[in-house]
Amino acid sequence: MPSHLTPWNKGKLVGQKAPLRLSDIWSIRVRLQLAGRARDLAMFNLAIDSKLRGCDLVSLRLKDVSHGSTIARRTIVLQRKTGRPVQFELTEMTRSAIADWSRQAQLASASYLFPGRAAGHLSTRQYARIVESWVTDIGLDRHSYGTHSMRRTKASLIYRRTKNLRAVQILLGHTKLESTVRYLGIEVEDALEMAEQTEA
């Protein structure tokens, strides 16, 4: 076996993607609103609220988040990776953005919420490129953020506000609490927070 093979991750930033801060969320949201990008606004708001993995987000149909012509306040989605259901709430802002987008795109109940160029839905790769455009538009480093940033954002905000790990575990659909601890990077975050509050 040749010894000169270059590791796949050489020179690349790997590891968990950072969650967005509250100010980042509002910066992206306002830009999308001002630009009249209805699809992206619906996608961004739903990504934050749902905490879904990219593959689950892009494969949502309008009927998954609505009851008839009304966008649901809460819904349950079966996760592709785990096969387990996860429930999430849709805020007023998200419901409004989805309603606007579905009207504009004339989506039927069975339509994919975010249709792709072909007959199917947006690919996870296309979604990743869209997320990259959101973060670079507000001056963030595209290597530090990605589709998983969308999944982690609300979970991180909820944890910071409540310190309730079990609630975050349920919201993310994790089977093990250790996964949630690792996912949020809690030990490091909390240790730094405690260090900042301790005067030497």
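What the table shows:
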{"quantity": "In segment 106-131, residue farthest from the chain's Cα centre (by Cα) [restricted to those that are polar (S, T, N, Q) and not in a loop (DSSP other than H, G, I, E, B)]", "calculated": "Gln126"}
{"quantity": "Residue list for segment 39-87, restricted to those being under 14 Å from Leu171 (Cα atoms) and of a type in the set (D, E, K, R)", "calculated": "Asp49, Lys51, Arg53, Arg74, Arg84"}
{"quantity": "Residues satisfying the stated conditions in segment 62-96, i.e. at pLDDT below 95 and assigned to a loop (DSSP other than H, G, I, E, B)", "calculated": "Gly68, Ser69, Gln79, Arg80, Lys81, Thr82, Gly83, Arg84"}
{"quantity": "Residue that is farthest from Leu122 (Cα to Cα) [pool: residues in segment 63-77 that are crowded, with 19+ Cβ neighbours inside 10 Å and touching a residue at least 40 places away in the same chain (Cβ under 8 Å)]", "calculated": "Ser66"}
{"quantity": "Of all residues making up segment 156-180, the number that are within 19 Å of Gln16 (Cα to Cα) and free of Cβ contacts under 8 Å to residues at least 40 places away in the same chain", "calculated": "12"}
{"quantity": "Filter result (closer than 15 Å to Leu52 by Cα and open to solvent by less than 80 Å² (accessible area, probe 1.4 Å)) within segment 159-177", "calculated": "Val168, Gln169, Leu171, Leu172, Gly173, His174"}
{"quantity": "Some residue of segment 98-105 being surrounded by 15 or more Cβ atoms within 10 Å (Cβ to Cβ) and assigned to a strand (DSSP E or B)", "calculated": "no"}
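Yes/no matrix, rows are residues, columns are (1) touching a strand residue (DSSP E or B) at 6+ places or on another chain (Cβ under 6 Å); (2) among the hydrophobic types (A, V, I, L, M, F, W, C); (3) at pLDDT 85 or above:
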{"position": "Ser156", "(1), (2), (3)": "no, no, yes"}
{"position": "Leu171", "(1), (2), (3)": "no, yes, yes"}
{"position": "Tyr183", "(1), (2), (3)": "no, no, no"}
{"position": "Leu192", "(1), (2), (3)": "no, yes, no"}
{"position": "Thr198", "(1), (2), (3)": "no, no, no"}
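A quick yes/no check of all residues on (1) of a type in the set (D, E, K, R); (2) under 29 Å from His67 (Cβ atoms); (3) at pLDDT 95 or above:
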position	(1), (2), (3)
Phe114	no, yes, yes
Arg129	yes, no, yes
Tyr145	no, no, no
His148	no, no, no
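The values are calculated or read from the model by the stated rules, or taken from the named source; none is laboratory data. Here the structure is a predicted model, which is why all the values come from computation and not from measurement. Virtual Cβ from ideal backbone geometry, glycine too; neighbours counted across all protein chains shown. The accessibility values were calculated without ligands, DNA or RNA, using every heavy atom of the protein model including side chains. Shrake-Rupley method; radii C 1.70, N 1.55, O 1.52, S 1.80 Å.
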